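Trainee: Provided herewith is a single structure, encoded as structure tokens, for subsequent inquiry.
All of the numbers you see were taken from the coordinates with simple rules; none came from a lab. Just so we're clear, the structure is a prediction, and the values are computed from it rather than from any experiment. A quick note on method: Cβ atoms are made from the backbone with ideal geometry, for glycine too, and the neighbour counts reach across all protein chains shown.
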Amino acid sequence: MTVGSGAVIFGCAGPRLLPDERAFFRDADPFGFILFARNVEDPDQLRRLTSDLREAVGRDAPILVDQEGGRVQRLRAPHWRDWTPPLDTVDAAGSLEAAERQMRLRATVIAAELAAVGIDADCIPTLDVARPGTHPFLMNRCYGRDPVTVARIGRAVAEGLMAGGVLPVMKHMPGHGLSHVDTHHDLPTVTAPLEDLQAVDFAPFRALADLPMAMTAHLVFAALDAERPATQSPTVIRLIREEIGFKGLLMSDDLNMQALAGTLAERTARTIAAGVDIALHCKGDMAEMVEVAAAAGVMGPEARPRAEAAVAARRAATVDLGSALAELAHG
């Protein structure tokens, strides 16, 4: 399976691919692309954009989006369905079994909507365990307040996406629930003991370690590495690989988030050096993308087979959208 050589995922500036972007992507050959609300107008436009992005690199490159439901969803009404926040949906379901069913069906519908416009990877399930001090930017994006619930709902979401023909990207590894600040603006430090982290925050990721792709967290775990955020910590990346057991393709969270320090080139280099396979840059700024591409370089000998395996994990949809909607409507 052919994959790009660049150890990067890039965004683009707007709803249409610009000539300079097309030329840059051809040369940089990124693993894939990620879309945001600025890239979305209507289904026809979005299909053209995803087709143009793939044409620019000459292959069926993965195209990602954050379509969680609730506050974080890039495709919205009137062309796509809006959803209640995940934690609210799980809480209202009445039982864990009912919540699993609803969230699996919901993920199947989301996947069908994404696949119809050429998007084949969604940055869910969100496997962070909601804690009493979890920052509001994350709280209602979680699936539960204990690791068993989060793991079971996360598995249901992943299965729903894959049944709808879309790859799941679990996040934020190895667990973001103890973050007390918004990592878009600040770097949080988690002081919980390692035993607590292993029993709660790391547990859902361990349960879903067989998934093909995952995204790192920009926060410091003092019990593991008091100096560096997880995304840039060889110690934490080693834990993700060896103790949590994740063997798939590991991408960073957005390198533009202010939890990270230094220039974009420094942020990128530290991330790749720590053992992350793919650097994520979302902004679509050309000068920044040039800087990130140069610092990330090409995928290494360990990253490339993981990328090939992730791409190979894509499957055609195996469910009928009408049936899924009808079942979801029955509650």
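Trainee: What helices in the chain pass both tests, a Cα length along the helix axis of 27 Å or more and a mean Kyte hydropathy of -0.5 or higher, using whole DSSP H runs? Working shown, then result.
Mentor: Working: long enough: 96-115 (28 Å, 0.23).
Membrane-span-like by this rule: 96-115.
Trainee: How large, in Å, is the stretch 253-331 by the Kirkwood hydrodynamic radius built from its alpha-carbon pairs? Please list the in-between numbers first.
Mentor: Numbers: mean 1/r = 0.0651 Å⁻¹.
After inverting the mean inverse Cα-Cα distance, the result is 15.4 Å.
Trainee: From the alpha carbon gyration tensor of the stretch 125-205, can you work out the equivalent ellipsoid semi-axes (sqrt of 5 times each eigenvalue) and give them in Å, largest to smallest?
Mentor: Working: eigenvalues 101, 41, 21 Å².
Sorted largest first and rounded, they come to 22, 14, 10 Å.
Trainee: Okay, moving on. Taking 0.36 nm per intervening residue step and subtracting the Cα-Cα distance, what contour gain separates ALA23 from GLU97 on full extension? Display every interim value, and only then the final one.
Mentor: On the way: separation 74, 0.36 × 74 = 26.64 nm, distance 4.92 nm.
Gain on stretching ALA23 to GLU97: 21.7 nm.
Trainee: Which value in deg cm²/dmol, rounded to the nearest 500, describes the helix-derived mean residue ellipticity at 222 nm for the chain, given -39,500 (n - 2.57) per DSSP H run of n ≥ 4 and division by the residue count?
Mentor: Using -39500 (n - 2.57) per qualifying helix, the result is -11500 deg cm²/dmol.
Trainee: Could you list ASP29, ASP146 so that the one with the fewest beta carbons within 10 Å of its beta carbon is first and the one with the most is last?
Mentor: Numbers: ASP29 19, ASP146 12.
Result, fewest neighbours first: ASP146, ASP29.
Trainee: Under a 5 Å amide H to amide H cut-off, with H placed in plane at 1.01 Å, what residues pair with PHE221 once short-range neighbours are removed?
Mentor: Here the answer is VAL190, ALA230, since their amide H atoms fall under 5 Å of that of PHE221.
Trainee: If I model a spin label as a point 7 Å beyond the Cα along the Cα-Cβ vector, how far apart are those points for ARG81 and ALA265 in nm?
Mentor: In this crude spin-label approximation the distance works out to 4.8 nm.
Trainee: Follow-up. Based on Cβ point charges of +1 for Lys and Arg and -1 for Asp and Glu, what charge dipole magnitude is obtained for the chain about its Cα centre, in debye rounded to the nearest 20? Provide the component values of the computation, followed by the final result.
Mentor: On the way: 33 positive and 44 negative charges, 75 e Å.
That gives a dipole near 360 debye.
Trainee: Taking a temperature of 25 °C and a viscosity of 0.890 mPa s, what whole-number D in µm²/s does Stokes-Einstein yield for the chain with Rh from Kirkwood over alpha carbon pairs? Present the calculation step by step, with values, prior to reporting the outcome.
Mentor: On the way: Rh = 19.6 Å.
This corresponds to a translational diffusion coefficient of 125 µm²/s.
Trainee: Which residue, THR84, THR108, THR50, has the most motion in a Gaussian network model of the chain that connects Cα atoms within less than 10 Å?
Mentor: Between THR84, THR108, THR50, it is THR84 that shows the largest mean-square fluctuation.
Trainee: Follow-up. Across the stretch 70-81, in residue order, what do the Karplus-derived ³J(HN,Hα) couplings come to in whole Hz, using 6.51 cos²θ - 1.76 cosθ + 1.60 with θ = phi - 60° and x for Gly and Pro?
Mentor: Ordered by residue, 3J(HN,Hα) equals x, 5, 9, 8, 7, 9, 9, 4, x, 8, 9, 6 Hz.
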